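The structure under discussion appears below in the form of C-alpha cells.
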Amino acid sequence: MQSNVIKLENEHMKSLDIINHYFSQLTSSHRDFEGERTDRTKCEYESDLRQFFLLMRNKQKGKELEFLYLDELSIQEDEFKEYIETLQAIKKPDDTYLYTNKTINRKISALKKYVRFLKDKKYIKDDVSYLIAIKGTKERSLSYGALEAHEVLKMAELARLETHYPREKRLMLLLSFKTGLRRDEIFNLTWDSFVEREDGVEIQFVGKGYEDFQIKISKEFYQEIRETLNDKEALFEMDKKTVTNMMNKFTKKLGISPKRRIVFHSVRKAFGSWIFETTGDINQARKALRHKSIVTTQLYLNAKDLQLHNTLFGIEKLDEDLYKETDHEVLLRAISELPKSHILMLNSKISEINKLN
C-alpha cells in the first residue's frame, strides 16, 4: 500500500515539474514577462491554468495543479469549447457578467500556449491542430431569461387561438417543456425519430455538439402528436422567424416584462427548473439538460429556484407530517400561497392519482 502511495506522489511531482517547466519557459521567452510585469503576469497565467482545472476536471471538487496525473495534463478540443461557454455564463451578484470577452480571450490564449508547450516538448502525443480552430469569443448578446412552468402552459393555450400553425405552435411549446429539446432539435425531428417502447416513446435525435441522445415521452403525448401532425412529412414546418414572433406575441399577451428577455430557449430553462423543483437534485437537472458540467447547470437554472431550495433544505426541524394534522382551511391557504409552479406540480399529481382511481 505504501509503495502505491509513493508511486502516486511521484506522478503528481512529475506533472507539477512539467507545469513549472512551462512557466519557466514563458518567463524566459514570452514578451509579457518583462521587468516589473514578470511576477504579476506569471500569477495571471498560473491563475488561468488553475481555474481551468478547478472548473473542468473532477467536476464535483475540481483539481489542483499539485494533484494532476500525467494523463490529465492535456486539454481536448471539446473542453476548450465547454470552458468558454462556462466562463461566458458566470455572473456577479448584480446579474452582470463576471468576465468580459477580452478577459475570456486572454484566458483561452494562455491555455493554448500551455497545450502547444506540452506538444512541442513532447510531453503529450495528442494532435493539437484543433487549436487553430479555437477562436476568440464574439461580442456577447444579452442573456435570455427563464419562463416558469405555468407561463409555458398559458402560452400553449394561447397557441390554440393562432391563425397560422396553431397546432404546431402548441405542440412545439409542450414538446420543449416536456423534453428540454432546443428549437433546432425540434425542427430536425422526423417520424423516424420516434421509437415506441413498452414504457413510453423514445425520441432519438442529434443534439448540440453532434452527439446522439434519447429522451422519452408518454404514449399519450406521442399519440396526440401523431393525430395532430400525421399529415405532415416534416413535423414542424415553421421557420425561425415565426417562432420568434410567436414568443414576442405571447410574452406581450401575458404581460411579461421585456426585461426578462424571453425567447423560445426560455421554455428549455423552464424544463430544467421543473426537473430541479420536482427532484430537488441539481444533478438530475444536469442530466436532463444534457450539460457536461454541473457548473453550467447551476448558472443555467433560475437563481430564484436555487435560492428557494436552499431555503427549504436549511429547515431541519420541520415536522414532515404537519400537513396531515393541519386544518383544511389552513392547508388550502398554504397551498394558495405557494409559487404557481408548485401548485401546478400539485395539480399534476392530483390528476395522475385521479386517473388511477
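Spacing of the modelled spin labels on Phe213 and Leu338, each 7 Å from Cα toward Cβ, amounts to 2.8 nm.
Peptides 173-181, 245-253 ranked from most to least packed by the mean count of surrounding Cβ atoms within 10 Å: 173-181, 245-253.
Taking square-rooted eigenvalues a ≥ b ≥ c of the alpha carbon gyration tensor, is the stretch 129-273 rounded, prolate or oblate, where a/c under 1.5 means rounded and, failing that, a/b exceeding b/c means prolate? It is oblate, given that a/c is not under 1.5 and a/b is not larger than b/c.
Using a simple spin-label model with pseudo-atoms 7 Å out from Cα toward Cβ, Lys253 and Phe221 lie 2.1 nm apart. Give the calculated FRET efficiency between Lys119 and Glu233 to the nearest 0.05, with a Förster radius of 30 Å applied to their Cβ-Cβ distance. Here the calculated transfer efficiency is 0.05. The length gained on full extension between Arg106 and Ser351, counted as 0.36 nm times the residue separation minus their Cα-Cα distance, comes to 82.8 nm. Scalar couplings 3J(HN,Hα) for the stretch 118-123, obtained by applying the Karplus form with A = 6.51, B = -1.76, C = 1.60 to θ = phi - 60°, are 4, 6, 4, 8, 6, 6 Hz; x denotes Gly and Pro.
With a simple spin-label model that places each label point 7 Å from the Cα along the Cα-to-Cβ direction, the separation between Lys324 and Tyr69 comes to 4.9 nm.
In a fully extended conformation the segment linking Asp78 and Glu11 would gain 21.6 nm over its present Cα-Cα distance, using 0.36 nm per residue. Packing around the peptides 156-162, 18-24, 266-272, taken as the average count of other Cβ atoms within 10 Å per residue, puts them in this order, highest first: 266-272, 18-24, 156-162. Remark on Lys216: its backbone amide H falls under 5 Å from those of Ile203, a criterion applied only to residues 5 or more positions apart or on other chains, H modelled at 1.01 Å from N. Computed extension gain for Arg260 through Asp281, at 0.36 nm per residue and net of the alpha carbon distance, reaches 5.0 nm.
Rounded to the nearest Hz, the phi-derived 3J(HN,Hα) couplings of the stretch 248-254 under the Karplus curve 6.51 cos²θ - 1.76 cosθ + 1.60 (θ = phi - 60°) are 5, 5, 5, 4, 5, 5, 8, where x marks glycine and proline.
Phi-derived couplings, Karplus 6.51 cos²θ - 1.76 cosθ + 1.60 at θ = phi - 60°, listed residue by residue for the stretch 43-54: 5, 5, 5, 5, 4, 5, 5, 4, 4, 4, 5, 5 Hz, with x used for Gly and Pro. Distances between placed amide hydrogens fall under 5 Å for Ile262 paired with Gly145, all partners being 5 or more residues away or on another chain. Amide H contacts for Thr137 (H built 1.01 Å from N in the peptide plane; partners 5 or more residues away or on another chain; cut-off under 5 Å): Asn105.
Where a number appears in this text, it was derived from the coordinates with a stated rule and is not lab data. Owing to the predicted nature of the structure, the values given are computational and were not obtained by experimental measurement. Cβ: placed from backbone, ideal geometry, glycine included. Neighbour counts: every protein chain shown.
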